[in-house]
1. Considering each residue of the range 435-480, count those that are in a helix (DSSP H, G or I) and at pLDDT 90 or above, and give that number.
2. Taking the condition of being at negative phi and surrounded by fewer than 17 Cβ atoms within 10 Å (Cβ to Cβ), how many residues in the range 396-430 meet it?
3. Tell me whether the range 96-111 contains one or more residues that are modelled with pLDDT under 85 and at positive phi.
4. Say whether the condition of being touching a residue at least 12 places away in the same chain (Cβ under 8 Å), farther than 14 Å from residue 50 by Cβ and out of contact with any strand residue (DSSP E or B) (no Cβ under 7 Å at 6 or more places or on another chain) is met by at least one residue in the range 103-126.
5. Of the conditions (1) outside the structural domain of residue 264 (by TED's automatic domain parsing); (2) in contact with a helix residue (DSSP H, G or I) (Cβ under 7 Å, 6 or more places away or on another chain); (3) at pLDDT below 85, residue 346 clears all except one; give me its number.
6. Here is a list: 208, 195. Which entry is closer than 29 Å to residue 360 by Cβ and modelled with pLDDT of 75 or more?
7. Restrict the check to the range 234-245 and report whether at least one residue is assigned by TED's automatic domain parsing to the domain that holds residue 398 and at pLDDT 80 or above.
8. When residues of the range 455-465 are filtered for being under 27 Å from the mean Cα position of the chain (by Cα) and free of Cβ contacts under 8 Å to residues at least 24 places away in the same chain, how many remain?
């Protein structure tokens, strides 16, 4: 692939990824506001306590084969077909096991109502297994626009269904049904847009060449899910459904923020890195540009969410959710660094270093799991602060391995990341000081957003930020 062609496809992927994630997060926001007004924290807590089990089962069914298919040099129909039937078969077995274990899950949390809810919710990961290979096909071929359309259609249909069910009193059953509809629509669209179709030829031998790579990603994904949902587990065990619900509400808004950036970058990072994996210098240039772009977007966006969290939560979903706003303020600070960590891991995966990715994630997850259990008696705030601090400091570990792969020094990484973090922090401090005397909550949030945006853009322009200029030039080109 020619460098200019790859550059154009990367820019197009980032553009469509940005459009897609903007629309997706806007829809999530709109539907989330309606649902949060109709439901209470206990409803969200009921579903939240089951999330970790669905995610782990989903990782087991996918087994890291999406990344394996994307990174495979030469791919054939037989590769896709073997993955399709393997994932479908393993997911059916897993659903049967989880169906039988539902009473044990309910007993762990001390809530018998979780048994039928679990059996209903877990249907979703079996449905999702039927679209794994089609998702991999679209991802490998940088069909970002088609994936975007799939997600948007699924969000509209499922979000509307969730609101109707919540309005009619289905409580947490409505949330569970909304999730199932989303999975069903998404995978249906993946089938529609993908050219590939399975055949009834059961040959699993192609899996042998992928299993070493994918198995490490499988273990990694499981630890990632444990790591990302550790608070729901601990709060569900030692606290009430209401506190689980407040945390899950805050985490949902935090996810809307950081997943916008992560999703936009993920759409192109791994396929692009894989295409140029044999050219170290070229890969370093691509990585640095994506890292600067990620930092340019992530820090002002997430620090901004932390700044306006109390006003945003109160206006959007009423003050009954105000405790979640204080949780969100802490989560959003850590959320600013998540897209950067994801970019580092994508580079390692593209270099075939799934073992490094695996052990890094396992060690990080284990450390956080131990610390969180030790701190559960000190309250949510203390646990969050330590959890986020560990995540941020672990970037140094990620960097150590990336440096070995592409000769990328820590000083260069600091130059690519810290200026954006510092400017974003300064922007929020100036904005907070400038608006501290304003009482009206509606005027306050509008002014915070406008002042922060104006200050950040002005500083970017005054310092002649290269990535800022490139983004403006690209947007102007798209509008011509």
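1. Qualifying residue count, the range 435-480: 22.
2. Quick first cut of the range 396-430, residues at negative phi only: 396-406, 408-430.
Keeping just the survivors that are surrounded by fewer than 17 Cβ atoms within 10 Å (Cβ to Cβ) gives 396-397, 400, 403-404, 409-412, 414-415, 418, 422, 425-426, 429-430.
Total satisfying the criteria: 17.
3. Scanning the range 96-111, I find at least one residue that is modelled with pLDDT under 85 and at positive phi, so the answer is yes.
4. Yes, the conditions are met somewhere in the range 103-126.
5. (1)
6. Result: 208 is the single residue among 208, 195 that is closer than 29 Å to residue 360 by Cβ and modelled with pLDDT of 75 or more.
7. No, there is no match, as no residue in the range 234-245 is assigned by TED's automatic domain parsing to the domain that holds residue 398 and at pLDDT 80 or above.
8. Selection size over the range 455-465: 1.
The values are calculated or read from the model by the stated rules, or taken from the named source; none is laboratory data. For clarity, every value in this text was computed on a predicted model and none was experimentally measured. Here the Cβ is made from the backbone with ideal geometry for all residues, glycine too, and neighbour counts use every protein chain on show.
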